[in-house]
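Worksheet: one structure, shown below.
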């Protein structure tokens, strides 16, 4: 596994709307698992929380 669970290219693809729904969920699960979701700009944390609350992602262990 790389040092970063999500690459800058993935973040840019998300920002540009180039990821499908499954790719977004996978990326956010990795952001949540690594804790990065809570360290990036606020919209990432809000999106992560929304995906957890909706049952698409799980809280980090």
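Laboratory data are not the source of any read-out in this text; all were calculated from the coordinates shown. Because the structure is predicted, anything quoted here is derived from the model rather than measured. Backbone-built Cβ (ideal geometry, glycine too); neighbour counts: all protein chains shown.
Remark: relative contact order (the chain) = 30 percent; criterion is Cα-Cα distance under 8 angstrom and separation of 6 or more residues. Only helical runs count toward this figure. For the chain, summing -39,500 (n - 2.57) over DSSP H runs of n ≥ 4 and dividing by all residues gives -17000 deg cm²/dmol at 222 nm. Computing Cα extents along the principal axes in Å for the structure here picks out one of (i) 50, 30, 15; (ii) 52, 22, 14; (iii) 26, 24, 21, namely (iii).
With both labels modelled 7 Å from their Cα along Cα-to-Cβ, the residue 49 to residue 18 distance reads 3.0 nm.
The residues 44, 56, 4, when put in order of fewest to most other Cβ atoms within 10 Å, stand as 4, 56, 44.
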